[in-house]
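Student: This is the structure I want to talk about, given as structure tokens.
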Amino acid sequence: MDLMSIEIDFSSLREDAALEVEELLGRVSAQMERSVLVKHVRQLCLDLHTIGVATLLRDGEPQFFFLNLCRAGENWRRLLLFHDSKKWMPLAASQNTPLLGVMAAGQWNLARQIAERSSTQWQEGEEYEDDFAWAIVLQHLASGELGSSTQLEKSLTRLEAVGGELHASRLFLIRSLLASDAHGFSESFRDLLRAHEEQIEKRTRTFGTPVERFAPYRYIWFEGLALLRLGERAGLPVDGYYTYCPPLARLPMTERYEGDWAISLA
């Protein structure tokens, strides 16, 4: 299916995702080959994001949305821990949607744990170098490095070197964040939002865009929500209305995630 031929039916997608989550939680095991295990956990995270976004958009339930972002993040954290224990080739750092989801929920302890287990090595052939450099910056920020971090500054310098023009708004946003420059943060965020909207609408019109993989991210911008949480965490005013970052998705998470709906790789 593609977005040119069908409207997104979030109710149906949520039902299918819930059934698949139940199946995957019973199927995933430590005995799986690396490629199969990673594939299954990626699908599990996608399904949890689908359930959370569908519930937010259809039912207006932000807490269930946040819980499912945390569930996806916890499953990814467990995969990274197991992956590291097996000394397998690191996963691409830019495959960080589960981390962005946890940041979007404002759950910094879990975000830090994921960031600290994420790869810091560029996987040439698996990701673009500028995407990797941006992912490393996000890892630093997820770990709470909002002050004068030498490593963060080195990562920003690398991002500027390998993708300065392409990532100019991101660089300006992070430097504004570090300088507590609310105006600079807001302006660069709006630039990023415009670029994101263009990219999303282009994908929507592209024949062959798969509904199931695209649906959770069609109307909700995980990276944008994560960046707004970072601004909020730094004490910047981030009260404006932003497309793809609806007010319900920016409320505080008040429910406590207890580690449910997670794989066991003991």
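The values are calculated or read from the model by the stated rules, or taken from the named source; none is laboratory data. What you see is a predicted model, and the numbers here were worked out from it, not measured in a lab. So basically every Cβ, Gly included, is an ideal-geometry build from the backbone, and we count neighbours across all protein chains shown. Keep in mind that these areas ignore ligands, DNA and RNA; they rest on the heavy atoms of the full protein, side chains included. Shrake-Rupley method; radii C 1.70, N 1.55, O 1.52, S 1.80 Å.
Student: Show that you can apply the helix-only estimate: for the chain, add -39,500 (n - 2.57) for every DSSP H stretch of four or more residues, divide by all residues, and state [θ] at 222 nm to the nearest 500.
Tutor: For the chain, the value works out to -20500 deg cm²/dmol.
Student: Would you please give the FRET efficiency between ASN109 and GLU22, computed as 1/(1 + (r/R0)^6) with r the Cβ-Cβ distance and R0 = 30 Å, to the nearest 0.05?
Tutor: Working from the Cβ atoms, E equals 0.65.
Student: Taking Cα centroids, how far is region 241-266 from region 57-116 in Å?
Tutor: Cα centroid to Cα centroid, the span is 10 Å.
Student: May I pose another question? Relative to the present Cα-Cα distance, how much length would full extension add between MET89 and GLU61 at 0.36 nm per residue of separation?
Tutor: The span from MET89 to GLU61 would gain 6.2 nm if fully extended.
Student: Continuing with the same structure: Could you work out how far apart the two model spin labels at LEU81 and ASP239 are, taking each label as a point 7 Å from the Cα in the direction of the beta carbon, and quote it in nm?
Tutor: Distance between the two pseudo-spin positions: 4.0 nm.
Student: Follow-up. Principal axes first, then extents: for the Cα atoms of region 1-150, list largest minus smallest coordinate on each axis, whole Å, largest first.
Tutor: On the principal axes, region 1-150 reaches 46, 38, 31 Å in Cα extent.
Student: If you don't mind, there's one more thing I want to ask. Would you mind putting 30-39, 214-223, 256-265 in packing order, based on average other-beta-carbon counts within 10 Å, highest first?
Tutor: Descending packing order for the listed peptides: 214-223, 256-265, 30-39.
Student: Further question: Once phi is turned into ³J(HN,Hα) by the Karplus curve 6.51 cos²θ - 1.76 cosθ + 1.60 with θ = phi - 60°, what whole-Hz value does each residue of region 184-189 show in order, with x for glycine and proline?
Tutor: Going residue by residue, I get x, 4, 5, 5, 5, 5 Hz, with x marking Gly and Pro.
Student: State whether region 147-255 is rounded, prolate or oblate according to the following rule on the C-alpha gyration tensor (a ≥ b ≥ c being the square roots of its eigenvalues): a/c under 1.5 gives rounded; otherwise a/b larger than b/c gives prolate, and the remaining case gives oblate.
Tutor: It comes out oblate by the Cα gyration axes.
Student: What is the calculated FRET efficiency for ALA161 to ASP181, with r their C-beta to C-beta distance and R₀ = 22 Å, to the nearest 0.05?
Tutor: Calculated transfer efficiency: 0.45.
Student: Here's another thing I want to ask about it. Over the residues of the chain, compute the C-alpha Rg and express it relative to 2.2 N^0.38 Å.
Tutor: Dividing the Cα Rg of the chain by 2.2 N^0.38 Å gives 0.98.
Student: Each label point is 7 Å from the Cα along the Cα-to-Cβ direction; what then is the distance between the points at ALA168 and GLN121, in nm?
Tutor: 3.5
Student: Taking square-rooted eigenvalues a ≥ b ≥ c of the alpha carbon gyration tensor, is region 206-265 rounded, prolate or oblate, where a/c under 1.5 means rounded and, failing that, a/b exceeding b/c means prolate?
Tutor: The shape class here is oblate.
Student: What's the carbon and sulfur percent of the chain's accessible surface, probe 1.4 angstrom, rounded to a whole number?
Tutor: Reported share for carbon and sulfur atoms: 48 percent.
Student: Residues of region 95-213: accessible area per residue at 1.4 Å, in Å²?
Tutor: Per residue, region 95-213 has 51 Å² of solvent-accessible surface.
Student: What is the gain in length, in nm to one decimal, between GLU201 and LEU251 on full extension, counting 0.36 nm per residue of separation less the C-alpha to C-alpha distance?
Tutor: Fully extending the segment from GLU201 to LEU251 adds 15.4 nm.
Student: Expressed as a whole number of Å, what is the distance separating the alpha-carbon centroids of region 160-184 and region 222-236?
Tutor: With region 222-236 and region 160-184 each reduced to a Cα centre, they are spaced 14 Å.
Student: Could I ask something else about it? Place a point 7 Å from the Cα of ASP9 along the Cα-to-Cβ direction; which residues of region 189-219 have their backbone N under 15 Å from it?
Tutor: Of the residues in region 189-219, 211-212 have backbone N under 15 Å from the label point off ASP9.
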